[in-house]
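Engineer: Got a structure for you, questions after.
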Amino acid sequence: MAGSFINRFGHFVIPFLAIYLRQLGFPSSVTGYTLAAYGVGGFVASILGGYLADRIGRKPTLLISCFGASGAMLILSMAESVLALVSGTFLSGLMTCMYYPASSSLIADLIPLHLRLRAYAVQRFVINLAFALGMTTAGLVASSSFFFLFIADAVTTAILGVIVLYGLQRGIGKKSNEVSAGWKVAIGSIRRNGPFIRAVFSTLIVAIIFWQTSSTLGLQVIEISGFDEKTFGYLLGLNGIMIVFMEIPLTNWTRKYDPQLMIGIGNALVGLGLALIALSGSLGMLVISIIVLTIGEMVASPVCSSYVAGLAPENMRGRYMGVIAFSWSAAIGLGPMIGLRIFAYSSHLLWILCGVAGLLSAWIILVGRPSQETSLESVNRTD
């Protein structure tokens, strides 16, 4: 948790990358390709990271990710050509996203089932406290120098690696003795797991919506609404502050209800939050948009993490978490690319479509709810 705080506080670059590339004079298409490369790297990481988490253990996978991501960010800081930017963001996405299947699996390994939802809520509390403080800081730094964003990102990720190396006791997160023979067996298990498949597609859609906050939302704030980088940083910081003060109490309420219902409601609210921007680009509406979006995120995300972990067989948990991480990685590539193209045509259309996509995501997760498996009923209801 301490390492996650430091790492997330310094996760400066990607949310500001669209603004950075625009200031360098690159067209929207280059921004789309660059962020898509980050998503492709994340796609490879979700497969490789989940496999390594099960095969060589959680801790070794975390170490590869942390030190690799730190080096990749330094490389990206020196990139000037389109090829260098695309290659650097691909490597950064590969190394950064390898972290999530291992860390999510490690929490599920260490925390008993009846406390797991709360553990994921605490992790999100730590991450979003850091995000709120980090984005506010990043907005101030970006207004004077983007170069220091890259350096701070690299340094904080390296610090996380040191904490993992020395802070996690020896032998923690070792590979399972019952690991299945490669991805073939795991894929067969996943294909037969209907609730998990629906969770993957629902997550993909809502992640595509959510990634607009790190691409087109910045352009909306600066180019359409006429505000500066500081305002954008404060808006993202508001998201983190709300989660810090509200998510754990809210989770104590949401854990009492059906997880699929909570995920569906939350995903619909995420889409609605961005759809509100189509009504007005004023500062007041932007704040309301972030508030609604954040409420949706707080309702859905902790429940979703616990729900998905409960769907996974213990000896394949790393690969299951890798597949759900793939949804976010794919969204990193698809979200900005699709969003930037629609934004160039009509910003109003983009925000309306975000609302429609939120409803679609909710429908996908809820469609199997009437026949909900009894084996999953205890995932979020056990105290």
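The values are calculated or read from the model by the stated rules, or taken from the named source; none is laboratory data. Because the structure is predicted, anything quoted here is derived from the model rather than measured. Ideal geometry is used to build each Cβ from the backbone, glycine not excepted, and the neighbour counts take in all protein chains shown.
Engineer: Could you count how many residues in the stretch 72-125 are surrounded by fewer than 21 Cβ atoms within 10 Å (Cβ to Cβ) and not in a helix (DSSP H, G or I)?
Structural biologist: The total comes to 6.
Engineer: Okay, moving on. Given the condition in contact (Cβ under 8 Å) with a residue 60 or more places away in the chain and part of a loop (DSSP other than H, G, I, E, B), answer yes or no: does some residue in the stretch 263-270 qualify?
Structural biologist: Within the stretch 263-270, not a single residue is in contact (Cβ under 8 Å) with a residue 60 or more places away in the chain and part of a loop (DSSP other than H, G, I, E, B).
Engineer: Report yes if some residue within the stretch 91-108 is touching a residue at least 24 places away in the same chain (Cβ under 8 Å), more than 24 Å from Ile47 (Cα to Cα) and not charged (D, E, K, R); otherwise report no.
Structural biologist: no
Engineer: Which pairs have Cβ atoms under 8 Å, sit 6 or more apart or on different chains, and link a residue in the stretch 110-127 that is farther than 13 Å from Cys304 by Cβ and without any contact (Cβ under 8 Å) to a residue 60 or more places away in the chain to one that is surrounded by 19 or more Cβ atoms within 10 Å (Cβ to Cβ) and among the aromatic types (Phe, Trp, Tyr)?
Structural biologist: The qualifying pairs do not exist here.
Engineer: Of all residues in the stretch 286-319 being touching a Ser or Thr at 6+ places or on another chain (Cβ under 8 Å) and under 15 Å from Ile209 (Cβ atoms), which is modelled with the lowest pLDDT?
Structural biologist: Taking the candidates together, the pick is Cys304.
Engineer: Still on this model: Which residues, taken from the stretch 12-37, are surrounded by 23 or more Cβ atoms within 10 Å (Cβ to Cβ) and not in a helix (DSSP H, G or I)?
Structural biologist: Phe12
Engineer: Follow-up question, since we're still on this one. What are the pairs with Cβ atoms under 9 angstrom where one residue, in the stretch 135-154, is crowded, with 17+ Cβ neighbours inside 10 Å and the other, located anywhere, is at pLDDT 70 or above and acidic (Asp, Glu)? Sequence gap at least six, or different chains.
Structural biologist: Correct list of pairs: Ala138/Glu229; Gly139/Asp228; Gly139/Glu229; Ala142/Glu229.
Engineer: Could you list all residues from the stretch 188-214 that are β-branched (Val, Ile, Thr) and within 11 Å of Ala331 (Cα to Cα)?
Structural biologist: Thr203, Ile205, Val206, Ile208, Ile209
Engineer: While we're on this one: Here are Phe196, Phe232: which of them is over 30 Å from Ala108 (Cβ atoms), within 19 Å of the chain's Cα centre (by Cα) and touching a residue at least 60 places away in the same chain (Cβ under 8 Å)?
Structural biologist: Phe232
Engineer: Is it true that some residue in the stretch 256-279 is modelled with pLDDT under 85 and touching a Pro at 6+ places or on another chain (Cβ under 9 Å)?
Structural biologist: Checking the stretch 256-279: not a single residue is modelled with pLDDT under 85 and touching a Pro at 6+ places or on another chain (Cβ under 9 Å).
Conditions tested, residue by residue: (1) among the hydroxyl-bearing types (Ser, Thr, Tyr); (2) farther than 20 Å from Ser301 by Cα; (3) at pLDDT below 80.
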{"position": "Val126", "(1), (2), (3)": "no, no, no"}
{"position": "Ala138", "(1), (2), (3)": "no, yes, yes"}
{"position": "Ser143", "(1), (2), (3)": "yes, yes, yes"}
{"position": "Ala154", "(1), (2), (3)": "no, yes, no"}
{"position": "Thr157", "(1), (2), (3)": "yes, yes, no"}
{"position": "Val164", "(1), (2), (3)": "no, yes, no"}
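Engineer: Going residue by residue through the stretch 325-334, is there one that turns out to be farther than 22 Å from Gly32 by Cβ, part of a helix (DSSP H, G or I) and polar (S, T, N, Q)?
Structural biologist: No, every residue in the stretch 325-334 fails to be farther than 22 Å from Gly32 by Cβ, part of a helix (DSSP H, G or I) and polar (S, T, N, Q).
Engineer: From the list Lys230, Lys256, which one is of a type in the set (Lys, Arg) and within 20 Å of Phe9 (Cβ to Cβ)?
Structural biologist: Details: Lys256 fails: within 20 Å of Phe9 (Cβ to Cβ).
Exactly one residue qualifies, and that residue is Lys230.
Engineer: Okay, moving on. Looking at the stretch 38-50, which of its residues are modelled with pLDDT of 80 or more and surrounded by fewer than 23 Cβ atoms within 10 Å (Cβ to Cβ)?
Structural biologist: Answer for the stretch 38-50, where residues must be modelled with pLDDT of 80 or more and surrounded by fewer than 23 Cβ atoms within 10 Å (Cβ to Cβ): Val40, Val44, Leu48.
Engineer: Right, next: Could you tell me whether Ile277 is within 16 Å of Leu117 (Cα to Cα), in a helix (DSSP H, G or I) and touching a Ser or Thr at 6+ places or on another chain (Cβ under 7 Å)?
Structural biologist: Criteria not met by Ile277.
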